[in-house]
Amino acid sequence: MSIYALANQKGGVGKTTTAVNLAACLAEAGERTLLIDLDPQANATSGLGESANGTSSFDLLDGASAVELATRTRFSNLELIPARHDLAGAAAELAHRGDAERYLAQALRGTSDRYRFVFLDCPPTLGALTVNALAAADRVLVPVQAEYYALEGVAQILGSIEAVRARLNPRLTIAGLLLTMVDGRTRLAADVGNELEKHFGPLLFKTRVPRSIRIAEAPSHGLPVIAYDRRSAGADAYWKAAMELVERS
Ligand SMILES: Nc1ncnc2c1ncn2[C@@H]1O[C@H](COP(=O)(O)OP(=O)(O)OP(=O)(O)O)[C@@H](O)[C@H]1O
Ligand SMILES: [Mg+2]
């Protein structure tokens, strides 16, 4: 079992899309999978067609355990702990408590007996929620948008990972960098891919996720892309990325 944090301080790089779609692919492949939405925007929750009516990831920061809070989704093998918008307040309040960075790690105890993969969808800031996620995770998966400033974002998140490793979680490793929203027709996408490969070599996933209308449309139907349009290039890419993750795990 491994706990993966999807993290990158840069906004809109595909963290949530990657969390939802990798989780859905692995669940479909028969792996018991838990997705935890740690972003007050709750996009991972709505992306699976769910909402938080009762308990939510807020409760993880309040002493509840993930095993208790996880609920089934419409997809077999895939469980979810949804987010509510009030998570933003919880994050601010956390800062005033003692040992504030380890709440999530505590709450995730026991998940290893139940799940093969746990994904934590982080917000685009290095606030209390992301730090809790990095303190609780085994591995960080960094989605990188194929654009000019991508490398700066990667350098930032790698620095944060290093800091968390030194201070809170020595076993934290990098699962890899996944290039997303790749527009195959542009020179820029190829250049960014080459740069990342040069700097990070095997850490870069071989699979590159293309920019795809189907991937962008799927959440508005509350579906991962493999359920929305199984034969699309986007579904194929996320399936391959999921299999690559299994190989690397
Ligand atoms: N491969 C793709 N092709 C087309 N659109 C995509 C792709 N991946 C993500 N998107 C779209 O780009 C936007 C940002 O993606 P997403 O929400 O996954 O990023 P994020 O890093 O989680 O953002 P935030 O930092 O706000 O949490 C969304 O509207 C999403 O549907
Ligand atoms: Mg997101």
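Values for this structure:
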item	result
Unmet requirement for residue 124, which otherwise passes all of (1) more than 18 Å from the chain's Cα centre (by Cα); (2) under 20 Å from residue 21 (Cβ atoms); (3) in a loop (DSSP other than H, G, I, E, B)	(1)
Extreme residue, farthest from residue 73 (Cα to Cα), among residues of segment 9-36 that are within 9 Å of ligand 2 (Cβ to nearest atom) and of a type outside the set (Val, Ile, Thr)	11
Hits in segment 54-72 (condition: open to solvent by 20 Å² or more (accessible area, probe 1.4 Å) and within 22 Å of residue 23 (Cα to Cα))	55, 58, 59, 65, 67, 68, 71, 72
Residues of segment 137-154 classified as in a loop (DSSP other than H, G, I, E, B) and either open to solvent by 40 Å² or more (accessible area, probe 1.4 Å) or in contact with a Phe, Trp or Tyr (Cβ under 9 Å, 6 or more places away or on another chain) (or both), total	5
Qualifying residue in segment 137-156 (condition: under 25 Å from residue 48 (Cα atoms), hydrophobic (A, V, I, L, M, F, W, C), more than 14 Å from ligand 1 (Cβ to nearest atom) and in contact (Cβ under 8 Å) with a residue 60 or more places away in the chain)	yes
Unique residue being farther than 17 Å from residue 174 by Cα and buried (at least 20 other Cβ atoms within 10 Å of the Cβ) when the list is 120, 134, 129	129
Positions within segment 190-220 being more than 16 Å from ligand 2 (Cβ to nearest atom) and touching a strand residue (DSSP E or B) at 6+ places or on another chain (Cβ under 8 Å), in sequence order	192, 193, 196, 197, 200, 203, 204, 205, 207, 208, 210, 211
Residue list for segment 221-249, restricted to those being among the aliphatic types (A, V, I, L, M), in contact with a strand residue (DSSP E or B) (Cβ under 8 Å, 6 or more places away or on another chain) and under 14 Å from residue 14 (Cα atoms)	237, 241
Qualifying residue in segment 95-116 (condition: among the aliphatic types (A, V, I, L, M), more than 16 Å from ligand 2 (Cβ to nearest atom) and modelled with pLDDT under 95)	yes
All positions within segment 1-16 that are in a loop (DSSP other than H, G, I, E, B) and either open to solvent by less than 40 Å² (accessible area, probe 1.4 Å) or out of contact with any strand residue (DSSP E or B) (no Cβ under 8 Å at 6 or more places or on another chain) (or both)	7, 8, 9, 11, 13, 14
Filtered residues of segment 28-41 (kept if under 18 Å from residue 175 (Cβ atoms) and over 12 Å from the mean Cα position of the chain (by Cα))	29, 31, 33
Count of residues meeting criterion [modelled with pLDDT under 95 and farther than 21 Å from residue 137 by Cβ] in segment 176-200	17
Condition check for residue 157: in a helix (DSSP H, G or I), touching a strand residue (DSSP E or B) at 6+ places or on another chain (Cβ under 6 Å) and either crowded, with 19+ Cβ neighbours inside 10 Å or modelled with pLDDT of 95 or more (or both)	yes
Residue among 24, 90, 42, 19 that alone is open to solvent by less than 20 Å² (accessible area, probe 1.4 Å), touching an Asp or Glu at 6+ places or on another chain (Cβ under 8 Å) and within 16 Å of ligand 1 (Cβ to nearest atom)	19
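The values are calculated or read from the model by the stated rules, or taken from the named source; none is laboratory data. Remember, predicted model here, so these are calculated numbers, not experimental data. Positions of Cβ are backbone-derived with ideal geometry, glycine not excepted, and every protein chain shown enters the neighbour counts. Keep in mind that these areas ignore ligands, DNA and RNA; they rest on the heavy atoms of the full protein, side chains included. Shrake-Rupley method; radii C 1.70, N 1.55, O 1.52, S 1.80 Å.
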